[in-house]
Amino acid sequence: MHYAYVPMPERPQLIWPQGKRVALILTFNLETWDLVKDTDRAYYAGGPPILPDALPGRVPDFPNYSWREYGQRVGIWRLIELFDELGVRASCTANAVTFERRKAMTDAVLARGWELLAHNWEQGELLTDLACDPEAERAVIQKTLATYARHVGRPAAGWLSSSLRGTLATPAILAEAGCLFWCDIMNDDQPYIIATPAGPICSLPYSNEINDFTLLTRRGHTTDEFRDILVEELETLYREGAAQARIMNVGLHPHVSGRAYRIRALREFLEFARSLEGVWWPTREELARWYMESDEAAAHRAAMAPKEDLQ
């Protein structure tokens, strides 16, 4: 894989459709973990635990497992109710096993016509564990995409790796499988082209910075601080977006931001975002297809494409 380094001041102007300034994407991560794994290593289940001193994988860790499971049983439904009330779509990621073990969540998303991205097989299995075995990685991606297509009724357009732990082989495997975009690379406020031996793929950045796990669980911000951070990020991007269109992704986990005492932060942020006429509310696929196919984005796309061919 290869992508170009093009500093923001050197790029052609990018303007979203209808002159919108910020493409705002709210991501629900519909993740599912195994209770135990056949290992003596500490089990990393897609994020820091709520209690420290993680247990060996073969030992059930009920406090940490059930803390996460709250999101599947309660938190996601609180988030969906809020988004339904405000008329906002979420762009959701789903592990393949979520379609089978926690089907009510993916059914609810599909019933609303919201976007679903492929998000690895199981949340605690990282592609980086297969960094030296691209064929094993390809097998995981292929079975994930096959499960996605069987449940969604169409091929996946994009991919977010569990914990964003992709490898050098990941974008080529995805491009080879027909995926349009990949979200693991978090180095920009705009889309750009990644070149792979299987052809180009669009990088649509996710964010670990504007993310409830980082802000609430890792850093311990309050509900008001969480809201204020989201508002300030959007205010700045909105101002900058008058000259260069921007993307703002908000990463949300139902067991974190779906808590009763935190939902107000999202309500107040969404109400603020809805008051701004220059906010675009696309799905990731809508944004990626517009960027990769539109004449309006052609100059930007050409400037952001790598100049070297990959063999």
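The values are calculated or read from the model by the stated rules, or taken from the named source; none is laboratory data. All values derive from a computational prediction rather than experimental measurement. Note that each Cβ is placed from the backbone with ideal geometry, even for glycine, and that neighbours are counted across all protein chains shown. With ligands, DNA and RNA removed, areas are computed over all heavy atoms of the protein, side chains included. Shrake-Rupley method; radii C 1.70, N 1.55, O 1.52, S 1.80 Å.
Looking at (1) over 15 Å from M1 (Cα atoms); (2) open to solvent by less than 10 Å² (accessible area, probe 1.4 Å); (3) of a type in the set (A, V, I, L, M, F, W, C), find the lone condition where L164 falls short.
Every listed condition holds for L164 apart from (2).
Whether any residue in segment 66-77 is at pLDDT 95 or above, in a loop (DSSP other than H, G, I, E, B) and closer than 21 Å to N208 by Cα is what I want to check.
no
What residue, among those in segment 48-77 that are touching a Lys or Arg at 6+ places or on another chain (Cβ under 8 Å) and surrounded by 18 or more Cβ atoms within 10 Å (Cβ to Cβ), is farthest from E271 (Cα to Cα)?
If we take residues in segment 48-77 being touching a Lys or Arg at 6+ places or on another chain (Cβ under 8 Å) and surrounded by 18 or more Cβ atoms within 10 Å (Cβ to Cβ), then G57 is farthest from E271 (Cα to Cα).
Here are some conditions: (1) within 21 Å of R11 (Cβ to Cβ); (2) surrounded by 18 or more Cβ atoms within 10 Å (Cβ to Cβ). G251 meets all but one. Which one does it not meet?
Condition not satisfied by G251: (1).
Of the residues A146, A118, which single one is surrounded by fewer than 16 Cβ atoms within 10 Å (Cβ to Cβ) and among the aliphatic types (A, V, I, L, M)?
Values: A118 fails: surrounded by fewer than 16 Cβ atoms within 10 Å (Cβ to Cβ).
When all the criteria are applied, what remains is A146.
Select from segment 161-182 the residues that are in contact with a Pro (Cβ under 7 Å, 6 or more places away or on another chain) and part of a loop (DSSP other than H, G, I, E, B) and list them in ascending order.
The answer is A169, G178.
So, in segment 257-309, how many residues would count as being farther than 20 Å from A23 by Cβ, open to solvent by 70 Å² or more (accessible area, probe 1.4 Å) and assigned to a loop (DSSP other than H, G, I, E, B)?
Residues that pass the stated criteria total 5.
Return the only residue of P48, P63 being more than 30 Å from A302 (Cβ to Cβ) and part of a loop (DSSP other than H, G, I, E, B). Reasoning before the result, please.
Numbers: P63 fails: part of a loop (DSSP other than H, G, I, E, B).
Selected residue: P48, the only one of P48, P63 that is more than 30 Å from A302 (Cβ to Cβ) and part of a loop (DSSP other than H, G, I, E, B).
Just to be sure before I move on: is E209 more than 25 Å from E293 (Cα to Cα) and part of a helix (DSSP H, G or I) in the structure I sent? Can you show your working first?
Details: more than 25 Å from E293 (Cα to Cα): yes; part of a helix (DSSP H, G or I): no.
No: the conditions fail for E209.
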